[in-house]
Every structure is written in structure tokens, then in C-alpha cells.
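Only one structure is covered here, and it is reproduced in the block below.
The values are calculated or read from the model by the stated rules, or taken from the named source; none is laboratory data. Predicted model only: the values in this text are computed from it and were never measured. For neighbour counting, all protein chains shown are included, and Cβ atoms are generated from backbone atoms with ideal geometry for every residue, glycine included. Just so you know, the surface numbers come from the protein's heavy atoms only, side chains and all, with ligands and any DNA or RNA stripped out. Shrake-Rupley method; radii C 1.70, N 1.55, O 1.52, S 1.80 Å.
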Amino acid sequence: MALLTIDGVWKRYRHHNVLRGVDLTVDPHEVVCLIGASGSGKSTLLRCVNLLETVDDGAIYLDDQEITDVRVNPDQIRQRIGIVFQAYNLFPHMTVLDNITLAPRKVHGVPRPQAEAQARDLLARFGLADKSGTYPDRLSGGQQQRVAIIRALATHPRLLLLDEVTSALDPTLVNEVLGIIRELKQSGMTMILATHEMSFARDIADTICFLDQGTLLEHGPPAQIFDAPQNPRTREFLYG
Amino acid sequence: MSADWVKSDRQLAREALLRARGRRSLSAATISTIVVVVVVVVLVAASPGWPRVQDTFFNWDALVTALPDVLRGFLLNVMIFMIAEPIVLVLGLGVALVRGLRAPVFFPLRVLAVLYTDIFRGIPVILLVYLVGFGIPALQLQGTPGDPVTLGIIALVLSYTSFVAEVFRSGINSIHPSQLAAARSLGLTHAQTMRHIVVPQAIRRVVPPLLNDFASLQKDSALVALLGPLEALRQAQIHVAKTFNYTPYVGAALLFVALTVPLARFTDHLAARAAQQRGGG
Ligand SMILES: Nc1ncnc2c1ncn2[C@@H]1O[C@H](COP(=O)(O)OP(=O)(O)OP(=O)(O)O)[C@@H](O)[C@H]1O
Ligand SMILES: [Mg+2]
């Protein structure tokens with residue numbers, strides 16, 4: 001059974017079709033990488049899955065429940081999906097620990113001591129044990145992004161969406177963040193990543209999806225997409 | 001900085017230069033201040049009208065006679081804004097939050113909030129004091145306050161809440177939309193997002209303009225004098241009427257200044273701290 005099914009999703013802003021009938025299924029423990037030119041609709045697709053945008057047509061199912069049904073409460077769906085953006089993720093007026101424990105405490109009703117213990121475990125696991133009392137502006141970009149991922153994990157999401165989480169970082173910091181994502185894959189987390197890091201995508205993805213002007217032109221295992229792309233547009237994007 | 005670090009000669013020389021420069025700027029500041037003060041004092045004292053001005057506005061005896069009454073009146077001013085300020089803060093934030101509600105059921109509330117700010121921001125405070133102070137009692141409704149101090153506070157609150165609401169609203173709007181997206185993506189409801197993410201950050205940003213509005217509210221507490229209560233301005237007026245000496249007004253003015261100056265310095269301090277924090281980020 002698929003964990004996530006995207007069925008013919010359209011999204012338009014004014015007269016500009018950003019997504020034109022995208023179909024995609026994601027199985028449990030699968031890691032999907034979205035690649036494509038800037039403006040091809042990767043972020044928009046992720047935002048639609050997290051219901052931060054309403055779709056203009058089509059449907060999205062999480063665990064066989066239609067989440068694009070207008071009667072569902074988006075807040076409840078978002079509790080099951082974590083998303084990490086490119087930048088501006090953390091709440092600057094809260095310590096790292098409060099950033100991580102906010103949603104568990106306020107949304108999921110976890111008592112503070114328990115939420116904090118769990119947050120400290122996660123911080124330790126990802127090498128940030130000494131940062132729990134720090135405010136985000138005292139962290140490096142890579143550390144901030146790792147905290148943002150930890151924060152998304154703290155609510156035990158079914159699915160994690162990562163939108164170019166490394167693109168605001170300088171190259172030396174990228175590896176810190178990619179390391180976390182590798183570890184998450186090993187622990188079985190289902191993820192959809194939008195990324196421009198092609199070698200990383202090849203290394204970590206089970207499935208690569210190539211988006212072109214809002215259409216999912218081609219998808220398949222990394223070896224197939226990177227080494228033997230079928231579609232001429234894919235070839236053009238990858239090989240220039 | 002490790003324990004065995006010894007300052008190099010170059011660093012020692014640099015620091016000596018910096019200290020010397022600091023001393024020079026300090027003495028330059030002192031000398032120029034003294035010169036300016038002396039010039040002003042000499043010019044004023046040499047002006048032909050000065051003896052009369054000194055007698056009517058800066059008369060020591062008149063000040064000493066009036067001061068106890070003016071000071072007692074000033075305590076009423078302090079009480080007025082101590083009561084008005086917290087009410088203004090709470091209501092202002094409330095109005096700002098109502099204006100941010102997007103759900104259609106809240107449409108009438110939102111319209112009311114817009115109307116309220118539009119109207120009350122436009123009415124001069126002095127007019128509002130008259131309208132509320134003489135208008136409400138004239139209605140002769142059961143349960144409406146008749147006491148002029150209460151009426152004065154109501155007028156000030158009505159006026160200042162509309163300003164403070166706009167200050168809060170601009171603070172709320174200044175929070176980057178990604179902060180909202182990040183909060184919503186964690187499953188926080190609109191109310192939770194406002195309560196934990198947006199409002200705390202907005203308040204930090206609007207503290208300096210808020211304190212500015214408060215300084216203004218402190219001054220405008222004197223307008224309650226129009227309704228008759230014996231606050232500082234009214235007490236000064238009484239003394240002036242008896243003696244035809246204006247020194248009590250100067251005394252009242254000094255009291256108001258004495259109260260706003262610390263507030264102004266505190267605002268500067270907060271602004272400097274915020275700038276420093278941003279610089280470190
Ligand atoms: N809120 C919006 N209003 C209008 N147009 C938008 C909005 N958000 C996105 N778009 C448009 O939708 C298109 C797709 O944007 P999207 O952010 O999904 O691209 P992307 O594939 O993530 O690009 P990048 O690799 O640069 O992040 C772009 O042309 C963009 O201008
Ligand atoms: Mg994007």
C-alpha cells in the first residue's frame with residue numbers, strides 16, 4: 001500500500017499553471033528526489049502535499065485518506081507530515097530546545113519533561129547535544145538546518161518533506177545536513193526531497209522524479225534517470 | 001582567548017592609541033558643552049526682557065508655594081496613565097488580532113475593528129476628552145460613569161488604543177511569512193501560531209514605538225484637566241490664577257519631563273540592544 005498518492009494534481013497562480021496534473025506514489029520507507037530546473041514546481045508540489053497550498057484539481061492521499069478533501073482539518077494532516085524549508089525555518093525568539101518541543105507540547109500534548117528528554121536525545125543523536133539552550137542566531141547555517149530537521153522529526157511524522165535544505169548553505173556545511181538525511185533513510189523514514197545536489201540525489205534516492213514546467217516528465221531509479229534518461233528534456237537538463 | 005596569551009607590542013600600542021583618542025573625544029565633548037551652555041545663559045540673561053521673564057516664569061517663591069499642590073495633582077496624572085496604559089496595551093493587541101482574523105465568520109468583527117481605528121485615530125485627543133467627558137454623562141444612562149477621572153481615562157484609552165492597535169498590526173505584519181508557514185507546517189493552529197510564534201516576535205519589534213506612544217499618553221493625561229479633576233495642570237492653573245505668576249506651569253512641565261526622560265532613555269537602551277543582537281546574528 002502506498003503511503004502517499006498524488007493523483008493528477010494541478011496548481012495555478014493567476015494564469016500560470018505551476019503544476020499540470022502531477023501523478024506520483026510514494027511507498028513506505030521510500031526516498032523520492034524531485035529534480036528539475038528552477039521554477040519547475042518542486043517547492044509548490046511539496047507545499048501542496050503539506051496543504052500549505054490548496055490544489056486546483058486532483059487529489060492527494062496519505063495512508064489512503066484523501067487529505068485534499070475540503071472537509072479534513074489541515075492542521076491534523078500537517079501533524080503527520082514534517083516539512084523543512086530552505087531558510088527562515090527556526091523561530092528566532094525561542095531556544096533550540098523550545099523550537100523542537102513546541103509542536104510536541106502544544107499540538108500533541110506531550111508533557112514538557114518528556115518532550116524535552118526526547119528532544120535532547122535527538123540533539124545528541126545528530127551531534128548538537130550542547131546547543132539545546134542556544135538561540136538560532138548563534139548557530140551556523142548548517143546547525144540551524146539540522147535543528148530544523150530535528151524539529152520536524154520530533155512529532156514522529158509519517159512523511160518528511162525536505163525542500164532544498166542545503167541550498168542556502170556553503171559547501172562545507174552541506175555535508176553535515178546530508179549526513180542527517182542519510183541517517184534518516186537508514187532508520188526507515190519516508191522522505192520526498194527537492195534538491196539540486198545531483199550526486200546526493202543519485203546516492204540517496206530510491207526514485208528520481210524529473211519535473212519540467214509543472215509536469216512530471218520522467219521517473220525511475222537513479223541509475224535509469226541519470227545514466228539512461230528516456231526523455232529528451234531530461235537529457236537536456238542533466239547533460240546541458 | 002587562552003590563559004597563556006600575551007598581548008603583542010603591536011596590540012598594546014594600538015590600545016594605548018585608542019585610549020588616548022577616547023580621552024581626547026571626552027574632553028572635546030566637555031569643552032564644547034560648557035561653551036554652548038555659557039553662551040546660551042549669557043545671551044538669555046543679557047536680553048532686555050529677561051528680568052521680567054525670570055520673575056514670572058522662574059520665581060522660586062512661587063514654585064515653592066505651588067509645588068506641593070502641583071505634585072499632589074501630578075500623582076493623579078500618574079494614576080491616570082498607570083490605569084490607562086495596561087488597558088490600552090491589551091485592547092490594542094486585541095484590535096490588531098481581530099483585524100488579522102481571516103475566517104469569514106469574523107467579518108463583522110473585522111469591519112468593526114477597521115472602523116474603530118479609522119475613526120478614533122482621526123479625532124484629536126482634546127476633542128475626544130470633551131466628547132466623552134460631557135457627552136456620556138449627558139446621556140443620563142443607568143450605569144455610565146459620571147466621575148470625570150474615569151471619563152478622562154475612557155477618552156484616553158479610546159484614542160490611544162487605536163494608535164497602539166496599528167503599532168501592533170505593523171509588528172505582526174513584519175513577521176516573515178515563512179515563520180507562519182513553518183508554524184503551520186508543524187500542525188499549530190492559527191491561534192497557536194499567533195500566540196507562540198507571531199505575537200511574541202511582533203511585541204519585541206514594537207516595544208520602541210509603543211514606549212513612544214506611552215510618553216505621549218503620559219503628557220496627554222493633562223488633558224483630563226479639561227473635565228475638572230485636580231491633576232497637575234489644573235492645580236498649576238489655580239495657583240497661576242491666584243498670583244498671576246506662571247512659575248507653577250513651569251513646575252508642572254518639569255514634572256512631566258522628569259517622567260518621560262527615563263522612558264526615552266529606556267527606549268534608546270532597548271533599541272541599542274536590539275541593534276546589537278541583530279548585528280551578532
Ligand atoms: N505564491 C505564488 N504566487 C505566484 N506564483 C508563484 C507562487 N509560488 C510559486 N509561484 C510560481 O510557481 C512556479 C514554480 O515555483 P516553485 O517554487 O515550485 O519552483 P521550484 O521548482 O521549487 O524552483 P526552485 O528550484 O528555484 O526552488 C514559479 O514560476 C513561481 O514563480
Ligand atoms: Mg523551490
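Details
- Split chain B at each of the chymotrypsin sites (Phe, Trp or Tyr not before Pro) in a DSSP loop with at most 15 other beta carbon atoms within 10 Å, and the longest piece is B:59-243.
- Within the accessible area of the range A:4-239 (1.4 Å probe), percent carbon and sulfur: 47 percent
- For chain A, averaging the sequence separation of C-alpha pairs within contact (under 8 Å, six or more residues apart) and dividing by the residue count gives a relative contact order of 27 percent.
- Taking a ≥ b ≥ c as the square roots of the eigenvalues of the Cα gyration tensor, the range A:5-148 is classed as prolate, since a/c reaches at least 1.5 and a/b is larger than b/c.
- Residues of the range A:72-91 that bury at least 50 Å² of accessible area once all protein chains are present, compared with their chain alone (1.4 Å probe, heavy atoms only, ligands and nucleic acids left out), are A:Asp75, A:Arg78, A:Tyr88, A:Phe91.
- Based on C-alpha pairs under 8 angstrom that are at least 6 apart in sequence, the range B:155-265 has a relative contact order of 24 percent.
- Under DSSP loop assignment and at most 15 Cβ neighbours within 10 Å, longest trypsin sites (Lys or Arg not before Pro)-free interval of chain B: B:103-281
- Dividing the mean sequence gap of close Cα pairs (under 8 Å, 6+ apart) by how many residues chain B holds gives a relative contact order of 28 percent.
- Shape category assigned to chain B from the gyration tensor of Cα positions, a/c cut at 1.5: oblate
- Prolate/oblate/rounded call for the range A:73-171, Cα gyration tensor, a/c under 1.5 rounded: oblate
- Value at 222 nm in deg cm²/dmol, rounded to 500, when DSSP H runs of n ≥ 4 in chain B each add -39,500 (n - 2.57): -27500 deg cm²/dmol
- Inter-part distance where the range B:25-95 and the range A:113-166 are each reduced to a Cα centre, Å: 54 Å
- Spatially proximal lysines relative to A:Lys131 (Cα-Cα < 21 Å; intrachain offsets below 8 disregarded): none
- For the range A:101-123, accessible area lost to neighbouring protein chains reaches 10 Å² or more, against the chain alone with a 1.4 Å probe, at A:Leu102, A:Ala103, A:Lys106, A:Val107.
- When both the range B:131-162 and the range B:166-184 are represented by their alpha-carbon centers, they are found 34 Å apart.
- Each Lys and Arg contributes +1 and each Asp and Glu -1, all at the Cβ; summed about the Cα centre of chain B, the dipole is approximately 1140 debye.
- Given in Å, the Rg to one decimal and the Dmax to the nearest whole number for the Cα atoms of the protein assembly as shown are 32.3, 102.
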